[in-house]
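The values are calculated or read from the model by the stated rules, or taken from the named source; none is laboratory data. Being a predicted model, the structure only gives us computed values, none of them experimental. For accessibility, only protein heavy atoms count, side chains too; no ligands or nucleic acids. Shrake-Rupley method; radii C 1.70, N 1.55, O 1.52, S 1.80 Å.
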Amino acid sequence: MGNWSHPCQSHYFITNNKVVWAGPISKTASQEVIKNDQESVKKYVQKSNRLIDKIKRLFKL
């Protein structure tokens, strides 16, 4: 996870309920992470919408 919009731009991982702080990354690297996150969300929403459509067809909603 990251706080890209905050001045500190901290980033970290949560593993076994513990926060593991990561070192600083470049602006380019953070932009790539943001882009990948946005693409992942888009794919998830598309997949969810397909499932909802299947359920609607099943129940003829």
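Values as computed for the structure displayed
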read-out	value
Cross-link partners of K18 among lysines (Cα-Cα below 30 Å; sequence separation of 8 or more within a chain)	K27, K35, K42, K43
Nearest-ten-degree value, helix 27-59 long axis tilted from longest Cα axis of the chain	20 degrees
Residues of the chain: accessible area per residue with a 1.4 Å probe, Å²	93 Å²
Relative contact order, percent, the chain [alpha-carbon distance under 8 Å, six or more residues apart]	16 percent
Rg ratio (alpha-carbon, reference 2.2 N^0.38 Å) - the chain	1.67
Carbon/sulfur fraction of accessible area - the chain, other protein chains in place, 1.4 Å, %	59 percent
J(HN,Hα) series, the range 9-20, from Karplus relation 6.51 cos²θ - 1.76 cosθ + 1.60, nearest Hz, glycine and proline x	6, 5, 9, 7, 10, 10, 10, 6, 6, 10, 7, 10
